[in-house]
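As structure tokens, the structure follows; a few thoughts come after it.
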Amino acid sequence: MTPSPAFVEHLPLARAAWTYADEAHAGQTRKSDGEPFMLHPQEVAALLYSAGCTDAVIAAGLLHDTVERTSVTVDEIDERFGPQVASLVAAVTEDPAIESYRERKAALRRRAIEAGPDAAVLFAADKISKVRQYRTHVAHAHGGEPPRPRRLHHYTESLRLLETSIPTHPLVRQLRRELAGLNAAPRPAAAGASPG
């Protein structure tokens, strides 16, 4: 078991969520760098904590990928962490029944924004972490397979929607900066990459 980050120690829901997510994601690694997957939810939760979010929102940040990447269900999260955390996780979980990448991501963006400000803030934190992973993937491609450009399109569209819903939130401003920095960096070769 991975030691919990210090910022969850005084947050009972987030502390419990850390343990639960760490067990659920055990053995999983990130595609961008091969590091333990839990670094992603940890970063998302740390961003939410730094932005002054509640214990429930931070807990949802730690749990946000459990439904997509493990056998955990939204009902199980509801049972263990309550309806607020469960609804936030559901709001940022892709619908696997939508086969098209573009349609699935568009539905995800709409759901996250329409679910309210807390879900939008969680979505923004997730995208900041994902853009950082995208940058790492680009930097380490070195003739290997670069990340697909359609992911960058999803992040840009996510920012566009977030700017209509919570435009002044610090995490939206941070996402804008992260994307601007990424757009200023050299692009990976797109040959053969699917436009999504």
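The values are calculated or read from the model by the stated rules, or taken from the named source; none is laboratory data. Only a predicted model underlies this, so the values are computations on that prediction, with no experimental measurement involved. Heads up, the Cβs are rebuilt from the backbone with ideal geometry, glycines too, and the neighbour counts pull from every protein chain shown.
Find the helices (runs of 4 or more DSSP H) located wholly in the range 39-141 whose residues include 3 or more that are farther than 18 Å from residue 18 by Cα and in contact (Cβ under 8 Å) with a residue 40 or more places away in the chain, and list them. Give the steps one after another, and end with the answer.
Details: elements: 39-50, 55-63, 66-69, 74-81, 83-91, 101-114, 117-139.
Ranges flagged: 101-114, 117-139.
In the range 1-32, the residue that is nearest to residue 139 (Cα to Cα) out of those that are of a type in the set (A, V, I, L, M) and touching a residue at least 60 places away in the same chain (Cβ under 8 Å) is 17.
Pick from 182, 152, 159: which is within 29 Å of residue 57 (Cα to Cα), within 15 Å of the chain's Cα centre (by Cα) and modelled with pLDDT under 95? Please lay out each step first, then the result.
Values: 182 fails: within 15 Å of the chain's Cα centre (by Cα); 159 fails: modelled with pLDDT under 95.
Of 182, 152, 159, the one residue that is within 29 Å of residue 57 (Cα to Cα), within 15 Å of the chain's Cα centre (by Cα) and modelled with pLDDT under 95 is 152.
Taken together, the residues in the range 10-39 that are closer than 21 Å to residue 86 by Cα and either in contact with a helix residue (DSSP H, G or I) (Cβ under 8 Å, 6 or more places away or on another chain) or of a type in the set (S, T, N, Q) (or both) amount to 15.
For the range 1-18, filtering for residues that are assigned to a helix (DSSP H, G or I) and surrounded by 15 or more Cβ atoms within 10 Å (Cβ to Cβ) leaves 8. Restricting to the range 21-48, name every residue that is out of contact with any Ser or Thr (no Cβ under 7 Å at 6 or more places or on another chain) and either among the polar types (S, T, N, Q) or surrounded by fewer than 20 Cβ atoms within 10 Å (Cβ to Cβ) (or both). 23, 26, 27, 28, 29, 30, 31, 34, 39, 42, 46, listed by residue number.
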